[in-house]
Structure formats: C-alpha cells, structure tokens
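Enquirer: This is the structure I want to talk about, given as structure tokens.
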Amino acid sequence: MDLSELDRDSTGRCRLNSPVPAVCRKEPCALGVDEAGRGPVLGPMVYAICYCPLSRLADLEALKVADSKTLSESERDRLFVKMEEDGDFVGWALDVLSPNLISTSMLGRVKYNLNSLSHDTAIGLVQYALDQGVKVAQVFVDTVGPPETYQERLQQHFPGIEVTVKAKADALYPVVSAASICAKVARDQAVKNWPFVEDLQGLDADYGSGYPNDPKTKAWLRKHVEPVFGFPQFVRFSWRTAQSILETEAEGVLWEDSPTGDQEGPRRIMSYFSKSPQTLPRLPHRYFQERGLQSATTL
C-alpha cells in the first residue's frame with residue numbers, strides 16, 4: 001500500500017484507492033464502511049470502503065474475511081493482498097485522517113466532534129465511489145454513535161440506496177469485514193512508518209497499544225513532550241490524556257489578552273444590564289490604551 005502522500009504531508013488527510021473493477025460499473029454492488037484507529041491517542045484514523053457486485057458476495061466471503069480485530073497482523077496483510085489479487089471484482093478506497101487534523105477539528109473555534117468527523121468521512125467515501133461510477137445499490141456501515149440516527153442521516157444523503165447501519169457490522173457483513181481489513185492494514189503501516197518531522201532525541205518506537213489507558217503509551221507521551229512546543233504531530237493533542245500531560249509537564253502560557261490578577265475577569269451576562277454601584281468601570285481595549293485614545297463625549 002502506497003502511503004507516500006502521507007509521508008509528504010502528515011498534517012492533513014490523504015485518500016488512496018484501488019482501480020475500479022469494470023464489473024462494478026455494470027452490476028449493482030454492495031459497499032461496506034469501517035474505520036481503524038478511532039480511539040488511540042497516537043497515529044491517524046483511517047476510514048475505508050470496500051465494494052463488490054452483489055453477484056460476487058459469495059466469492060468475497062470465500063476469502064474468509066473477518067473483523068480485523070479478530071485477525072493477526074500477518075492474517076490481515078495476507079487477506080489484503082488476496083483482495084488486491086481479486087481486483088477484477090473487489091475495489092476499495094481509504095481516507096487517512098492525521099492526528100493533527102483530528103485535534104484541530106475538535107479544538108477549533110467551531111467545534112467539530114469525532115462523531116461528526118467520522119460520519120462526514122464515511123459519507124465522503126460513499127460519494128467518492130458513486131463519482132467513480134460504482135453502481136452502489138446497498139451500503140453497510142459499522143455504526144458510530146446511535147445506529148438509528150446515523151442510518152437516517154446516510155439515507156437522507158443517498159435516498160436511492162439501501163442503507164444498513166449496525167453495531168458490530170464488521171462481524172456481520174463480509175463487505176464491512178473487508179473494509180475493516182483495508183483500514184487496519186493502512187493504519188498499521190502508517191503508524192509503523194510514521195514520518196516524524198520533529199528532531200526527537202532518543203525516539204522510542206515502543207509506545208504500546210497507543211490507547212490512552214495504556215501505561216506504556218502514557219510513558220511514551222511523557223518522554224516525548226516538549227516543554228514549549230508540546231507533542232510531535234504523531235499525537236492527538238485534543239485527547240484528555242495528552243492534555244493532562246501538557247498541563248503537568250509543559251510550560252504554562254499567558255496570552256496577551258488573558259486577564260491578570262489586577263484586571264476584571266469575565267462577568268455574567270446579566271451584569272451588563274445592572275446599575276449596581278459596586279460595578280467596576282471596564283477598562284477600554286488595549287488598542288485604545290496604547291494610543292492614548294478616549295471616548296469623545298462632545299463634538
């Protein structure tokens with residue numbers, strides 16, 4: 001799997017895809033959606049779709065695809081190679097979302113939570129398959145959040161397609177199992193060959209499972225936090241585990257507009273409508289103070 005685009009820019013997202021089998025442009029197809037790496041504090045999250053004609057679902061099942069979490073890394077790699085060899089009827093596409101993209105989305109001025117990001121990524125991949133000419137007739141999705149509301153949203157986006165969203169869909173539908181294998185193989189490769197742009201002294205490649213509650217992962221985070229610049233881009237700094245380590249191991253920052261001890265802090269909204277004599281006069285904005293500007297009361 002060629003992840004060279006991620007190597008060139010590991011701060012955003014990249015999309016990979018197989019050639020579209022000719023038969024998938026002619027016959028109605030089933031398409032499965034799944035992800036890998038939703039929970040870890042380290043590395044990207046990968047969304048994947050896999051599709052094949054309805055008439056060839058038995059052939060896909062004969063490959064003995066299964067939920068990627070139940071397979072060893074070598075088994076996943078072998079099955080992915082097998083799917084590549086059967087490219088005359090099986091196609092796939094991936095969206096690799098970097099840790100930086102995930103965290104900046106979640107901490108932006110307009111919040112974009114992980115569920116919304118996941119839903120929109122899945123919708124984008126289904127639309128990508130349609131744009132490539134795949135005759136998608138059925139979509140099967142491993143749920144994120146309540147399956148009923150997720151299914152309703154997908155059905156609104158794709159009214160002419162039969163949509164099924166279920167928990168553990170990767171263990172129920174072979175086409176979702178195949179998608180989970182594609183996603184997991186891509187994430188494993190991305191994590192193993194992550195292009196660190198930071199000059200990390202004594203980089204330790206043994207970071208455990210990458211999940212927030214793993215003591216080895218926490219130890220790796222503490223070892224590689226920089227007191228001023230924080231974590232390398234391999235880390236999802238929006239995760240609570242990473243934020244807690246930043247609060248204790250990194251330097252504090254006082255922004256220019258942060259209130260100091262002798263300044264009035266934020267007030268309740270109703271205080272602006274109060275005529276209480278205890279209300280302190282508010283200082284003008286720093287822009288006016290620095291220029292010696294005052295309000296004009298008479299003209």
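Enquirer: Please give me, ordered by residue number, the trypsin sites (Lys or Arg not before Pro) of the stretch 162-229 that lie in loop per DSSP and have at most 13 other Cβ atoms within 10 Å.
Expert: Listed in order of number, the matching sites are LYS168.
Enquirer: Taking GluC sites (Glu not before Pro) as candidate sites, keep only those in a DSSP loop with at most 13 other Cβ atoms within 10 Å, then name the longest stretch of the chain containing none of them. It would help to have the intermediate numbers written out before the result.
Expert: Details: sites that count: GLU198, GLU251, GLU256, GLU264.
The reported range is 1-197.
Enquirer: On C-alpha positions alone, give me the angle between the axis of helix 174-192 and the longest principal axis of the chain, in degrees, nearest 10.
Expert: On a 0 to 90 degree scale, this one is about 50.
Enquirer: Mind listing which trypsin sites (Lys or Arg not before Pro) in the stretch 67-121 are in a DSSP loop and have 11 or fewer other Cβ atoms within 10 Å?
Expert: Counting only loop positions with at most 11 other Cβ atoms within 10 Å, the trypsin sites (Lys or Arg not before Pro) in the stretch 67-121 are ARG109, LYS111.
Enquirer: Right, another one. Computed FRET efficiency, Cβ-Cβ of GLU148 and GLU84, R0 41 Å: what is it to the nearest 0.05?
Expert: 0.70
Enquirer: Excluding residues fewer than 8 places away in the same chain, name every one of the aspartates and glutamates whose C-alpha is closer than 13 Å to that of LYS26.
Expert: LYS26 reaches ASP88.
Enquirer: Another one. Checking the table LYS69/LYS192; LYS82/LYS192; LYS111/LYS166; LYS184/LYS223; LYS111/LYS192 against a 24 Å threshold on Cα-Cα, which pairs fail?
Expert: With Cα atoms farther than 24 Å apart: LYS111/LYS166; LYS184/LYS223; LYS111/LYS192.
Enquirer: For PHE231, list long-range residues whose amide hydrogen, built 1.01 Å from N in the peptide plane, is under 5 Å from its own amide hydrogen.
Expert: GLU226
Enquirer: Just to confirm the number: angle between the C-alpha axis of helix 147-157 and the first principal axis of the chain, 0 to 90 degrees, nearest 10?
Expert: 80
Enquirer: Please compute the contact order of the chain in relative form: average sequence separation of alpha-carbon pairs under 8 Å and at least six residues apart, divided by the residue count, as a percent.
Expert: Reported relative contact order: 25 percent.
Enquirer: Which of the three applies to the stretch 4-193, rounded, prolate or oblate, going by the alpha-carbon gyration tensor with a ≥ b ≥ c and a/c under 1.5 meaning rounded?
Expert: Because a/c hits 1.5 or more and a/b fails to exceed b/c, the stretch 4-193 counts as oblate.
Enquirer: Accessible area per residue for the chain in Å², computed with a 1.4 Å probe and the full protein assembly in place, what is it?
Expert: Accessible surface, normalised per residue, equals 56 Å².
Enquirer: Which shape class, rounded, prolate or oblate, goes with the stretch 69-140 when its Cα gyration tensor gives a ≥ b ≥ c as root eigenvalues, a/c under 1.5 marks rounded, and past that a/b bigger than b/c marks prolate?
Expert: oblate
Enquirer: Over the stretch 21-168, what relative contact order in percent results from Cα pairs under 8 Å that are six or more residues apart?
Expert: Reported relative contact order: 30 percent.
The values are calculated or read from the model by the stated rules, or taken from the named source; none is laboratory data. Because the structure is predicted, anything quoted here is derived from the model rather than measured. We place every Cβ from the backbone using ideal geometry, glycine too, and count neighbours over all the protein chains shown. The protein model used for the area step is the full one, side chains on, heavy atoms only, and it has no ligands, DNA or RNA in it. Shrake-Rupley method; radii C 1.70, N 1.55, O 1.52, S 1.80 Å.
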